[in-house]
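Have a look at the structure below, then the notes.
The values are calculated or read from the model by the stated rules, or taken from the named source; none is laboratory data. Please read all numbers here as calculations on a predicted model, not as lab measurements. Using ideal geometry, Cβ is built from the backbone for each residue, glycine included, and neighbour counts are taken over all protein chains shown.
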Amino acid sequence: MKIVVTGGAGFVGSSLCLSLREKYPSYKITVFDNLKRRGSELNLLELKKQGIGFFHGDIRNAEDLDALEPFDVLIEASAEPSVMAGLDTNPSYVINNNLYGSINCFNTCLKHKAKLIFLSTSRVYPITRIEQANFIEEETRFSFSDEQAEKGISRLGISEDLNLSGARSFYGTTKLSSELFLQEYAEFYNLSVATTRFGVIAGPRQMGKTDQGVATLWVAKHYWKQSLKYIGYGGLGKQVRDFLHIDDLIKLIDMQIHHTEKFHGKVYNAGGGLQNSLSLQEMTRLCEEISGNKIKIAPELDNRPADLRIFISDNSKIEQEIGWKPSKTPKDILLDTHEWIHENESFLKHILK
């Protein structure tokens, strides 16, 4: 099998490539990447060591994709992943990359009669609908309450049934737009596709920062004994996210590569779920335990644009219909990330410190 991974030198892409290389040594795997993301050079060295091919290209340029040799599967993991992208500057970059670039990938799949694995996002769900959900304030976190007026929100989190009307960020809108185009490609061009709305993905190889990769950011700041902030929602650190270990994502994509027909015509949530959710406060306690360090964390009262008090992916649909569910815990994520930072400290301190 010949597999192309766009964004293959990034966090998700490189992790996928290395895992697939180990499990399927006879597969030809090609990384397609413009190397824009910081840390790509570290991943690229490891990819080359494992005999994984590299094509320096940009999905925004159809000509670059046209130069690829024939392949069987394309995994589209090249999105600009920051929810903040385009909110305080011209949104052209995120639109060109995440929408027009993705469409170039779809067309390339048609050219080669290849299957497409599309990594979408939980941020397709509208901000206001989630923020207006009923919640309770507990000792260390905010939680969705049992009683909700909006279909698609429950104690378990946000399901695929939530009404998609409303603003969600330029990032979320580009990904939802790509999903809608994929419906057309599947219907009229018979493109074989698996689409998944992933939640917060975390683990080794992620170059964390304040707007993307919060788990890595938290571990890194504790590792190097640097300060942090609890931003928004009263500066209490009670806002919650669920976390999906990169290994659990890889297991799902492996299934999608080899059994795409099970996912065709459907869209699934795939996040950590309620059992793998943490507030910032709770993540701080775990990082203190793992690192042995306690750092200063200051409150910042004002909310960031497009932020959410709580986001948890309700995975009920994919668990019931496909049988996939996460196996690794938030502590596993933080421990694995801490070990990765320790092993690569000399390189990573220039990026994460």
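Would you say residue 29 is closer than 17 Å to residue 102 by Cα and at pLDDT 95 or above?
Values: closer than 17 Å to residue 102 by Cα: no; at pLDDT 95 or above: yes.
Criteria not met by residue 29.
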Would you pick out the residues in the stretch 51-97 that are surrounded by fewer than 20 Cβ atoms within 10 Å (Cβ to Cβ) and in contact with a Gly (Cβ under 6 Å, 6 or more places away or on another chain)?
60, 64
Which of the numbered conditions does residue 146 fail, given that it passes all the others? Conditions: (1) modelled with pLDDT under 95; (2) within 22 Å of residue 257 (Cβ to Cβ); (3) not aromatic (Phe, Trp, Tyr).
(2)
Sort out which residues of the stretch 238-272 are in a loop (DSSP other than H, G, I, E, B) and over 16 Å from the mean Cα position of the chain (by Cα), and write them in order of number.
238, 239, 259, 263, 264, 265, 266
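Here's the yes/no breakdown for (1) aromatic (Phe, Trp, Tyr); (2) under 23 Å from residue 143 (Cα atoms); (3) modelled with pLDDT of 95 or more:
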{"residue": "210", "(1), (2), (3)": "no, yes, no"}
{"residue": "244", "(1), (2), (3)": "no, yes, yes"}
{"residue": "251", "(1), (2), (3)": "no, no, yes"}
{"residue": "290", "(1), (2), (3)": "no, no, yes"}
Quick test of your reading of the structure: residue 136 fulfils all but one of (1) of a type outside the set (D, E, K, R); (2) surrounded by fewer than 21 Cβ atoms within 10 Å (Cβ to Cβ); (3) more than 19 Å from the chain's Cα centre (by Cα); (4) over 29 Å from residue 281 (Cβ atoms). Name the failing condition by number.
(4)
Lone qualifier among 129, 155 - being surrounded by fewer than 18 Cβ atoms within 10 Å (Cβ to Cβ), of a type outside the set (Gly, Ala, Ser) and within 12 Å of residue 311 (Cα to Cα)
155
Going residue by residue through the stretch 41-50, is there one that turns out to be at pLDDT 95 or above, crowded, with 16+ Cβ neighbours inside 10 Å and touching a Gly at 6+ places or on another chain (Cβ under 9 Å)?
yes
Options 334, 352, 286: the member that is crowded, with 16+ Cβ neighbours inside 10 Å, out of contact with any strand residue (DSSP E or B) (no Cβ under 7 Å at 6 or more places or on another chain) and farther than 24 Å from residue 38 by Cβ
286
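Conditions tested, residue by residue: (1) under 16 Å from residue 242 (Cβ atoms); (2) part of a helix (DSSP H, G or I).
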| site | (1), (2) |
| --- | --- |
| 318 | yes, yes |
| 323 | no, no |
| 326 | yes, no |
| 332 | yes, yes |
| 335 | no, yes |
| 342 | no, yes |
Expected single match for farther than 15 Å from residue 79 by Cα and either in contact with a Pro (Cβ under 9 Å, 6 or more places away or on another chain) or at pLDDT below 95 (or both) among 129, 168 is 168
Test result for residue 213, in contact with a strand residue (DSSP E or B) (Cβ under 6 Å, 6 or more places away or on another chain) and under 24 Å from residue 97 (Cα atoms)
no
Do we find that residue 79 is modelled with pLDDT under 90 and closer than 21 Å to residue 351 by Cβ in this structure?
no
Out of (1) buried (at least 22 other Cβ atoms within 10 Å of the Cβ); (2) closer than 25 Å to residue 105 by Cα; (3) among the hydrophobic types (A, V, I, L, M, F, W, C), what's the single condition that is false for residue 181?
(1)
